[in-house]
Amino acid sequence: MRSTIMVVLSVFFSFHAHATKLDFNSICGGTDDRAPSQLPFAARIREKPASLTACSASLIGNTCMVTAAHCADYINVVEFNTPESKNGKLVPTAAEDIYIVDPKSIVAGTSIEGDDYAVFKVLKNEKTEKTPGDAQKGFYRVATSNPVIGSVLRITGYGIDNESTRHQAQQTSMGPLMTVLDKENTIEYQVDTEPGNSGSGVVIDNTQEFIAVHTNGGCSIDKKSANFGTSLALNAKFQEAVSKCLETDGVTF
């Protein structure tokens, strides 16, 4: 009888993931509020075009991008305008939306909390000869300071999902900034994420300014719990890497 009950519960949760998402400690409040999206400055990064897993990244210049240092194995192929997944498997984007990373451009932190960042540049698209900034008609501007506590933040990326079409396809979520931890170089927020969201940009929703890179889960049903990421404003080496990259794009930091 016990095994029958467990099977029934397993089936129930697999088909009600967005109502009762309880795993991975990165869904805030127990309900997954991520929604499918097609925002232009968020990208999926993969080791190879046919890789089965991915991380997330953000466009902050015509060719400059940011992700998490612990996503280093994925900093090779960048995809924008990604389609829905099919039967839980990632579907490659169109050839004109794929960019190859310049490996010599990668500048990364140490992967530890508060220093988990990587800045890199991509080459022009082989088919269109456009930069992603041109093709996507812009990029996130970076902020030089963190907003006030309670500000609404947005994270857009490619987290895993039990719903097959959403699995590592682009989704977005919003929530409040909870804490700024100056000594740890991190900020905490209640914005839903999942594994695969690592490297997503944390942006101020009403200005669309980039302030941090999402790196770690921590949310639960506890109202005081939060996810967190590496703050650009608090990490001097992160700022230096971003500034130097943007300078090559002709963008003032």
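Each reported figure results from applying straightforward, stated rules to the coordinates on display, with no laboratory input. Small disclaimer: the values here were computed from a predicted structure and weren't measured. As a convention, Cβ positions derive from the backbone with ideal geometry for all residues, glycine included, and neighbour counts pool all protein chains shown.
Can you grab the distance from the C-alpha centre of the range 231-253 to the C-alpha centre of the range 107-161, Å, no decimals?
Comparing the Cα centres of the range 231-253 and the range 107-161, I get a distance of 12 Å.
Seen from all sides and averaged, what is the projected area of the convex hull of the Cα atoms in the range 143-198, in nm²?
Details: hull surface 17.1 nm².
Averaged projected hull area, Cα only: 4.3 nm².
Could you work out the Rg to Rh ratio of the range 26-138, with Rh taken as the Kirkwood radius (inverse of the mean 1/r over all Cα pairs)?
Rg/Rh: 0.97.
Highest mean first, what order results for 81-87, 170-176 on Cβ atoms within 10 Å?
170-176, 81-87
Dividing the Cα convex hull volume of the chain by residue count, how many Å³ per residue is that?
120 Å³
Applying 1/(1 + (r/R0)^6) with R0 = 30 Å to the Cβ-Cβ distance of residue 102 and residue 165, what FRET efficiency is obtained, to the nearest 0.05?
Details: r = 32 Å, r/R0 = 1.08.
Efficiency, from the Cβ-Cβ distance: 0.40.
Taking each pair of distinct Cα atoms in the range 81-129 once, what is the resulting Kirkwood hydrodynamic radius in Å?
Radius from the Kirkwood sum: 13.3 Å.
Compute the normalised compactness of the range 186-232: alpha-carbon radius of gyration over 2.2 N^0.38 Å, N being the residue count.
1.09
Can you compute the modelled spin-label distance between residue 73 and residue 144, with each label point 7 Å from Cα toward Cβ, in nm?
3.9 nm
Sorted from largest down, give the three principal axis spans of the alpha carbons of the range 113-154, whole angstrom values.
Largest to smallest, the principal-axis extents are 44, 24, 17 Å.
What is the percent of Cα-Cα separations in the range 73-179 that go past 24 Å?
Cα-Cα pairs of the range 73-179 separated by over 24 Å account for 40 percent.
How long is the gain from residue 48 to residue 179 if the chain were fully straight, where each residue apart is worth 0.36 nm and the alpha carbon distance is subtracted?
On the way: separation 131, 0.36 × 131 = 47.16 nm, distance 3.64 nm.
Full extension of this stretch gives 43.5 nm more.
Run through the range 113-184 and list the trypsin sites (Lys or Arg not before Pro) located in a DSSP loop whose Cβ has at most 16 other Cβ atoms within 10 Å.
124, 127, 130, 137
Taking the Cα of residue 248, stepping 7 Å toward and past its beta carbon, and measuring to each backbone N in the range 116-145: which are under 15 Å?
118-125, 131-133
Using DSSP to call loops (not H, G, I, E or B), can you name the trypsin sites (Lys or Arg not before Pro) in the range 208-253 whose Cβ has at most 12 other Cβ atoms within 10 angstrom?
Passing sites in the range 208-253 are 223, 224.
Where does the range 109-253 land on the Kirkwood hydrodynamic radius, alpha-carbon pairs, in angstrom?
After inverting the pairwise mean of 1/r, the radius is 16.0 Å.
Can you give the FRET efficiency to the nearest 0.05 for residue 25 and residue 129, using r as the Cβ-Cβ distance and R₀ = 45 Å?
The computed FRET efficiency comes out at 0.55.
For the ranges 30-38, 189-197, what's the packing order if you count other beta-carbon atoms within 10 Å of each residue, average per peptide, and put the highest first?
Highest to lowest by the protection proxy: 189-197, 30-38.
Over all alpha-carbon pairs in the range 28-92, figure out the percentage whose distance exceeds 19 Å.
Here the long-distance tail beyond 19 Å is 38 percent of all Cα pairs in the range 28-92.
Give me the distance between the Cα centres of the range 199-221 and the range 59-84, rounded to whole Å.
Value for the Cα centre distance between the two parts: 15 Å.
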